Each structure stands twice: as structure tokens, then as C-alpha cells.
Amino acid sequence: MEQRRGTPVITASLNKKEERGYIWMTVPKNYRDSADDGILTGLLGAPFIAAAMLYLSMRTVTDPASNRLPPEWLIEGPRVHPDKDGSVDAAHALLISRRNLVSLSTFCATILIVHVAASRVTELRHRRKVQVPAGEVHHVPRKESRRTYLYVLFTVSVTLWILCVKIILAEFAKLGIWQNLSNTEIVAASVFYQFSLYAAVRLAHHGFTLGELGLVSFGATALFMEMMNLTISRILPSITPFIKTYRLPTPLLIYQLALIPGSLLTGFLLSPLLYLSRHIARRPVRRLRFPEEKQKHRRLLALGFYAGSVLIVGGLIGLWTRWCLGNRDPWIWGVFWLLEGRRPWARPALLAYWAALGSLSVAGWNRQLARNRRYRHRPMNSIVPEPGVVVPTSFDSSRLHSGTQAAALSDPSVPPSPSSETGPYGLSFPNLSNLPNLPNLSNLPQLANGANVATDLLDAADKHVPTLTLNARRKFFHGLAVLMFVPGVALDPAFAHLAFSAAFALFTFAEYVRYFALYPFGAAVHVFMNEFLDVKDSGTAILSHFYLLTGCANSVWFEGPSRLLLFTGILTLGVGDALASIVGKRLGRHRWSASIPKTIEGSAAFTLSVVACAWLLRICGFTEDFSIVRYGAVAVLASVLEAFSVQNDNLTLPLYMWSMLAFVNA
């Protein structure tokens, strides 16, 4: 979320490298600038979420209905894998699996501590031996290949060390640490978690804090472990008495594992083509070996990526999905399931509603941003009438702008100064009295080039259309999330579950196109998304839209037993976070402290808006009865976290509020 009451105060500790934590073989410039590295978020966030999921399973395991999703989830029941003595029902299998998840979360937190401690100790030993430039540390070599080699060596060492510790404590000290994790899972989780840490911090350079990195890498590791356990249960059913997944093993989980890890796997397998595409696009023509072939090479690389993606999705990923669905074709199954809503037309109508909202929003913003860029760079004196064209004398350009505004129009390098008259939603209305006296439009066709003059005059008038500030532009998408997601979650949560997974995969491919400059869409996607960036999107990868989507989707993906829990992410980000920003910016007067830019008024708006919307959903019959007092108390705690934390709110707030609501039985 943007800093809504001014620029945050970054303390002097930002430049004290010894006070911050880093992953092994990474340096300060790999991380996003922040007043706090978020180490507590990375260490405590994952165990807190896992414990909340385990608590929900313990509370509902005795209910016979817990063997399947709630009745409003229109999806077939979970697979149950029989063992030699009978079968383990789905609810008890989920309970055991979530105990495994708690162990996995503490295991990953331990690895994170080892990395931070090893980096700090090694840095203390190497300090003052050599001089390093800003953003670097003493013990990390400058050569990339050397860094990677040392990281791989460290990963193997940590994996073996932590495996030996587990075995020794279990055999000799009789301490069952991580007893819910097998030795195979220890090795697989350790290697993948550390791979995720390094890959994310290198690919999304300057995009994460340490805490955000740890939380995202844990989520990736949990998905990987679900995919691995699901695959093993199909290959070796004799040694797997139940399917060890952290959600019920329904087709929704299978499709999510195919879409989200599958989209990342596609990028990994086609990474040589992606790298070459970015390399050629960034390299000046004069430095290319065959400069005249640049566009041809870009087209061929893009074609190779698109064709390779189709082959991987339709081949490798499609075959795995078919296998997990019991030899049912995933494409045909998806088409038939699309017609199995409450009404045969319900899901297609919902899909059309989402497509219409998304298309209109993108088209509208393209129009708005193109107009802003045109007037930002186009000086007024560039409008030169052709010979024979009589320009009306009432069009006095000197009346349009004065002072700095006129200078900005005449110099494209000077950005237009913001108007002091801005509305509460970031709308900026120029002084309408400055509009020129337009000629009688009925006389324009009589001019030599009346159409051209009309276009110029309409363009001039277009400049007086309200424009949105960066914060308002970003909060528009929070409001759009409410309009798009609330109907889907309320009417068909199972379909929303699958749609969220598909949207994440689509975002991933869009980021491939943007980051690696894939022809012909790369430049257009980059220019569009560049208009919505703030200080938290200063890295190479743009992550805000991923955070917003997953923040809204996690509450559905966690598959809680309460309908109220499903709306947590949408209400937290789409309503509470957006209104806190608007109210805090326009009405906020009392800061929480001198070093915190957030205001008490903004936090109060967060709490009241979230509670009011939850109550409205209850009135409309979309949620069950709940305690307003407990729900309000959790909302207050979430608003305090939003005010004091400098981590990305779209990532942390929904997870925290969902976990707290699970614990208090709201």
C-alpha cells in the first residue's frame, strides 16, 4: 500500500548494514529500501498462518460435514486414498497434513535464521579487510558465478546439517523436533525453500524486504510440497495411507497446482529464450553483431516462447493434471464444470461480468494515460495552422495557463504542477474559467481543414478533464477488486477459487511479457503498468498487482469453514485499506507518532469500513451470524498493524486478519 500521509521517515538504521538481515550471498541493494527489514514477519508470519489453519481443522474434525467443503462450494468431494487397514477420512487426513504444515513453517523459519546469522557472522569476520561500494557487503564476491557457487554449497551444507540435527535429536535425545516431516520432506523442503529465496531476490531485484521474501518463499514451498505429495500418492499408493495436502484434495487444488506452479515452471524451462529476448531488447543496436536483424530475432524469440508455452501447458502440465484427475481430460472437465453452477448460465455470466469489467477498466485507463502522456509532452506552440486556415482570434493560448503552468507546457521536461484544488479522491479540476472561448462549432466545416482544427480544440478541452493522482489510480483497482470479487465469492466460491488461480497464472505470463520485452506486447504492457508504480515497486519485477490478487484470494484458497472468512481479503484491501488511505490523506490530523506517517483517522476509517461491510454482507445473507465485538476487535488490531508496519500491506494484512479471525471464532 502507498504511504498515505506523506513519505515515511526512514531512520538512520537504514544505512547501518550490521543492523539488518540478509540471505546468504545477497547484499543490501538486492532488497527494497525500508525502515525495517521485516525479519519478524518472515519468522513469525508463516507459523502464525499454519497454526490458524491447524486450529480450524481441530475445531471441525469431529463434524461429519468437514469431510468435504461447505455445501455452497459446488465441486466434487475430495479424493480419499485407502490404506491396507481401511481408509483415512478426508477430515483426519487434513488435520495430520496441517500438523505437517506447522512443522514446515517452523522448519523454514529456522533456515531463515541460519541464513541471517551466517551472513552476519561472516560479514563481521571480513569487515575492514576490503573496501566495498555502497549497497555491497565485504564477504560477498562481486562475480556472479562465484556467488551462485557459494550459495549452492551453503544450501547443501545447511540441508545436511539440519537433517543430521533432526536425526540425532530423535534417536539420542528423544526430542521429536519436526516429527511430522519425513527425512525426504526435510531435504526437499530445505532445497526448494533456499532455491526460492535466492531466485526471488535475484529475479525481483530490489522488490522484497527480508520479511516479505521469507513469507513469499514459504508460500511457494508449501505449494511445492503439496504438488510433490500429491504426485507421490499417485505413484506409490502403498506407502501413502492418505494424501498429504494442506487443503482438501479436490479438483480445485489440482488445477491450482497446475496453474500457479505450472506458470512458474514454464518460465523456468523457457528461461534461455526469455533471457535472450531481454538482452536483445536492452542492447543498443550499434552493439549488436547483426543490428539489422534485431527485430527479426525478437520476433523469433517471442514466437519460440509462445509456442513453447503452448507445448508445456498442453503437454507436460496438461498430462499431469489429467493423471491427477483420474485420467479425465482437464479441458473437457473444465468446460462441463463451467455449466454446473447454480444455473447452467450462472458461471458463464459471471465470467462475462469479470471480462467486461476488466476490459472496460483497461481500455479506460489506456485512454486516460495516453491523454495524460500526450499533454504532458506536447507544447502548445506545436499546433501550427496550415496555410489558408484561419484560427479564431478568441482562442487565446495565453489565457490557458500562466506562470509555472505555461512554462511546463512549453518545456516537455518539466512535469505539470499539481493543482491545489484537489478533491478527496485525488481528482484534480483545473480552473474552468481558463478554458478558451471556443468558436461556433457549426462553422468549423466551412474552414479549409475544419476537422483538424476541431480535433485540436477538442484536445485542448480534453486537458481540463479531471486527472487522478498516483494514490487514487492505485486505489481505483482496490475498488475494482471489490466489484469483481464480491459477487463471485458470494455466489460461487468454488468458481472464484479457480478463477483466482487462473488470474495469477495470467499475471505471471503478463510479467514475462513485460519484464523480458517479448514482442509485440512487451512495451505496451510496461508503459501501462509504469503509470501505477510507487516506491514499493522500485524493483525489476512489478509485484503490487500480484499482492493485491493474492491478498484477496488467500482467504478463499485457505478454504475455511466460515463464509465470513472468505471475504476477509477483499474487505481488508478493497474497502479498509483504500478508505484508510483516502481518509488519512484528506482528513488525517493526528499521527500515531512523529516517526509514523499514518494517522489515527485513517486507522479508524479502516476499522469502521471493514466492520460495516461485513455487517452489510450479513444483512444480505451472504455470511452467517458472527460476533460484531470479536470481529471489530480483530479489525482494530489489523488497523494498528497497518499503521505501524512498513511491510507491503497487500501481502501481510489479509493474512494476519484471516488468522486472527480463525483464532477468535468470529
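Bear in mind these aren't lab numbers, they're just calculated from the coordinates by the rules spelled out. Small disclaimer: the values here were computed from a predicted structure and weren't measured. Here Cβ is always computed from backbone atoms with ideal geometry, including for glycine, and neighbour counts include all displayed protein chains.
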Let's test the formula: R0 of 35 Å, r as the Cβ-Cβ distance of Tyr55 and Val152. What FRET efficiency results, to the nearest 0.05? 0.40
Arrange the peptides 220-228, 573-581 so that the one whose residues have, on average, the most other Cβ atoms within 10 Å appears first. 573-581, 220-228
When the dipole is taken about the Cα centre of the range 19-245, and only Lys, Arg (+1) and Asp, Glu (-1) are charged at their Cβ, what size is it in debye, to the nearest 20? 940
Relative contact order for the range 544-666 using alpha-carbon pairs under 8 Å, separation at least 6, rounded to a whole percent? 32
With R₀ set to 56 angstrom, the calculated FRET efficiency between the beta-carbons of Ile168 and Leu357, to the nearest 0.05, is 0.45
What does the highest-first list of 237-249, 169-181 look like by mean Cβ count within 10 Å? 237-249, 169-181
Taking 0.36 nm per residue of separation and subtracting the Cα-Cα distance, what length does fully extending Leu303 through Arg282 add? 5.7 nm
Checking rank on 145-151, 516-522, 360-366, with mean other Cβ inside 10 Å and highest first, the result is 516-522, 145-151, 360-366
At the level of C-alpha centres, the distance separating the range 627-658 and the range 294-335, in angstrom, is 39
Residues whose modelled amide H sits under 5 Å from the amide H of Lys598, counting only those 5 or more places away in sequence or on another chain, are Trp592
Segment Arg127-Lys29, extension gain: residue separation times 0.36 nm, minus the distance between their alpha carbons: 33.5 nm
Starting from the Cα of Phe268, step 7 Å toward the Cβ, then list every residue of the range 480-505 with an amide N under 18 Å from that point. 505
Between the range 505-535 and the range 556-623, how far is it from one alpha carbon centroid to the other, in angstrom? 30
